[in-house]
Amino acid sequence: MNIFKRSTTNLIRNPGKSLILLFLIFILGTALSGAISIRNAIITTEENLMMQLMPVSTIVFNNQGLLEHPVIIEPTIEEMSAIGNLPYVRAYDFTLRAHFQSRELFMPEMNVDMEKIPVDQQGMIEWITRSPRELGGAADEFHGKGVHNPEITDITTGLITLLQGRTFTQEELNTNANVVIISEALARTNNLSVDSIIEIENTAHDYRVMSREGTGIFAVDRSNEAFMLAHRTLEFQVIGIFDVVPEFTYELNEVELGDAIFTRIDLYNRLYMPGGVAEGILNFTTDAMDEEMLLAAHMSDELWFQSIFVLYDPRDLEAFFSEANELLSEFWEMSDPSVNFAPVVASMDGVLQIADATQWVTVIVAIVVLTLIITLFLRDRRHEIGIYMALGDKKGRVMVQILIEIGIIAIVGIALALFIGNLLSDSISRQMLRQQWEMVETVGQGPFIPWELALVNPGAMGVQEMLDLYHVALDISTVITFLSVASVVILTATLIPIWYIVKLEPKEILM
C-alpha cells in the first residue's frame, strides 16, 4: 500500500480524532486569520489616510528651551535649504508675508449667500467679507507673499494655477525686481492684465497714536497720515495672473466654512512677489518702528521666514521628519496636516496592538495545544508506528505518512479559517473602530495647523468617511502572511511529537 493511501485510510478509520484536530486547527486558525486581516487592514487604511493628504510640511515653533533661552533663534536660510535638499523633497520655498495698502486697487468682492450661513456665524462672515473702503476707509489692504523659488510651491501643491502670463525668472528673484503675480479676481475687479502697472503703499504705523485716538491697531483708515511713522509708494509690473483651484462649497461645518471664506478672500488679495522685495517692505516697516522703540531691537534683526516643503510621497513624511528635525535647533520642528489625524491614527494603533497581541498569543497557544494533541494521538498509535518500523519501514517514510495525515486535516481547517476569520474580523474591527472614532468625534479637526498648511488641508472627515477607507480584504498579502504563519505553526506542532516518537527504536515503541 502506498504511503498516501495508507494516510487517507487511517484518517477514515479514526474520524473522531480527525474531527477533533480539524476543529482545533479551525478555531485557532480563525483567530490567527482575523488578527492578520485586521493588522493588514489597519496598515492599509493608515496608508490610504496619508494618501488623502498633500505631502507638504513646514517648520514650526515647539516651545522647548524657551525658559532657558528667552531670545529665540529662528531657522536660517541655510538650515531650510539643507532640509529642502533632502531626497524626499520635490520642491521647497521659504516665504515672507508683507502687508500694505493701496488707494488705487480695490479688493475683489466675494459674494456670499447669507441664507446658507448659520445665523450665529453671519455677523462674523459679513465682517470678514467687507473691505476697509466699505467700512469707511480711504484705501484697501492687501498682502504680498515673497517667494524664492521660481516654481511657486502654491502651484506645485495645486492651491493655485497660472491662467495668464508667467512666473518669476531666477534673475528677477536674485535682483528683487518689482514684479508681481495677482489673482484673477483682483485683475477682474481692477481691469488689470499682464504688463499692467500697479501702485502699493508701504507704511509703518504709529500704534501709540492709533491707540490714543481710540481706533486700535485695526483702524479702518490706516492710510490716515496722522497714523504714519514712515510711508512710501512702490510700483510693480503684473507678469502673471492666477486662479484659486479648490472649489468653494457651503457643505462645511461652521468652523470650516468661516475658514474657507477667509482663506479665499486672503488668496484673492494675495500678490506673489520676489522674496527680497517682501523682505524690503517688512524691513521698511520694522526699521521705522524700531526708531520709535515700538519693537524690541532683536525682532528686526531676524525675519521669520515661513517655510514649505513639498514631498514626492506622503508615505515619506515620517522619514523626512526624522532627518529634518536633526537639522533644526531645539526651538523648531517639522509639522504637516497629518497632525489633525493623530487621534484617529492613535485609535487605529490601539486596535493594531490588540491584533498583534492576538496574533502572537494565538501562535504560541496553537503550537502548545496542537503539539500536545498530536503527541497524545501518536502515543495512541505507537504500536502501529512500531510495527511499521519493525517491518522495515524507514523512519523518514513514517514521518512523511504522519505529515500527510495532519497536512490533509490542516489544509481543510486552514482554508475554512482563512475565510471565516476574515469575515468575522471585518465586522468586529469595524465596530471597535466606530466606537473609538465616535469618541474622537470629527476626524481631521484636531490641533493647530500652520497657516500655510491649512490652505492644503483636506479638511475634517466624518466617522462614516473614515469607515469607508477601512476595508478588511482577503488580498494576496493577507493570504500569503496567513498561510506562511499557519504552515510554520502546523509544521512545528507536528515535527516535535514526530521527532520524539521516531527517535525510539521499534522495540522501545512496542514495549
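The values are calculated or read from the model by the stated rules, or taken from the named source; none is laboratory data. Model, not experiment: these values are computed from the prediction. Quick reminder, even Gly has a Cβ in these numbers, built from the backbone with ideal geometry, and neighbours come from all protein chains shown.
Within the range 90-124, the set of residues being surrounded by 18 or more Cβ atoms within 10 Å (Cβ to Cβ) and more than 25 Å from G158 (Cα to Cα) comprises F100, Q101, S102, L105, I117. Identification of strands (runs of 3 or more DSSP E) wholly contained in the range 132-221 with 2 or more residues that are over 12 Å from G240 (Cα atoms) and not charged (D, E, K, R) yields 140-147, 197-205. Identify all residues within the range 141-151 that are without any contact (Cβ under 8 Å) to a residue 40 or more places away in the chain and more than 13 Å from I181 (Cα to Cα); write none if there are none. None; the set is empty. Among the criteria (1) loosely packed, with under 14 Cβ neighbours inside 10 Å; (2) under 30 Å from V60 (Cβ atoms); (3) in the same structural domain as I155 (by TED's automatic domain parsing), the one I73 does not fulfil is (3). The C-beta contact set for the range 326-337 (first residue among the charged types (D, E, K, R), second residue surrounded by fewer than 21 Cβ atoms within 10 Å (Cβ to Cβ) and part of a loop (DSSP other than H, G, I, E, B), distance under 6 angstrom, 6+ apart or interchain) comprises E330/Q64; E330/G65; E333/N62. Do the conditions hold for L159, that is, is it crowded, with 19+ Cβ neighbours inside 10 Å, under 24 Å from Y92 (Cβ atoms) and not polar (S, T, N, Q)? Criteria met by L159.
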